[in-house]
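Visitor: Before I ask anything, let me first share the structure, which is written out below as structure tokens.
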Amino acid sequence: MSAVTASLNYETSGNNDIRDITSDVIQSVGISGIRNGIVLVFTPGSTVAITTLEYEPGLVTDLKDALERLAPQDIEYFHNQRWHDGNGHSHIRAALLGQDCSFPIIDGQVELGTWQQIILIDLDVRPRNRKVTVQIVGD
């Protein structure tokens, strides 16, 4: 069994900037040479998330709207009272979505649904440089 780690970097604009990173993950798996195993896609940070979505404009907008309903930006958060950085909602949204997803690799292919893409969501209130770690384990 082997493990290969790749690092991806994205300049994001914050405020629910959603990026389709599927092709970068697939490319990392291809370069790894691993044919059967699992790929972990992880982003370090408490105001960023990794999940899957059918990446099309309507659903991207729907997700942003849903996040606003679940953790509105315009209500008071104790985090903001302590740090005065205005991103309490960003932390809550990231906690709800999570920072990682894992996918099977079968015969060298990442197992995804027909309309399923891997997305990075920068939930912070300002532009950031976001790192994504892709770790591929298998044979």
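The values are calculated or read from the model by the stated rules, or taken from the named source; none is laboratory data. From a predicted model like this one, the values you see are computed outputs, not experimental measurements. Cβ atoms come from the backbone with ideal geometry, glycine included; neighbour counts cover every protein chain shown.
Visitor: Say we look at the stretch 23-43 and pick out the residues that are touching a Ser or Thr at 6+ places or on another chain (Cβ under 9 Å) and among the β-branched types (Val, Ile, Thr); which of these is surrounded by the fewest Cβ atoms within 10 Å (Cβ to Cβ)?
Guide: ILE38
Visitor: I'm trying to understand the selection: among the residues of the stretch 1-36, which are among the basic types (Lys, Arg) and outside any strand (DSSP E or B)?
Guide: ARG35
Visitor: Quick one: would you say GLY37 is small (Gly, Ala, Ser) and more than 18 Å from ASN15 (Cα to Cα)?
Guide: Judged against the criteria, GLY37 is a match.
Visitor: Quick one: would you say ILE38 is under 14 Å from the mean Cα position of the chain (by Cα) and among the aliphatic types (A, V, I, L, M)?
Guide: So ILE38 does not fit the description; no.
Visitor: Write out, first by first residue and then by second, each pair whose Cβ atoms fall under 9 Å of each other, whose residues are 6+ apart or on separate chains, and whose first residue, in the stretch 95-119, is closer than 19 Å to ARG35 by Cα while the second is aromatic (Phe, Trp, Tyr) and at pLDDT below 95.
Guide: As it stands, the answer is none, since no pair meets every condition given.
Visitor: Within the stretch 37-51, how many residues are in contact with a helix residue (DSSP H, G or I) (Cβ under 8 Å, 6 or more places away or on another chain) and either part of a strand (DSSP E or B) or closer than 12 Å to ARG19 by Cα (or both)?
Guide: The number of residues fulfilling the criteria is 6.
Visitor: Which of the residues that make up the stretch 33-85 are of a type in the set (Gly, Ala, Ser) and either under 25 Å from ASN129 (Cα atoms) or touching a residue at least 40 places away in the same chain (Cβ under 8 Å) (or both)?
Guide: Hits for the stretch 33-85 are GLY37, GLY45, SER46, ALA49, ALA66, ALA71.
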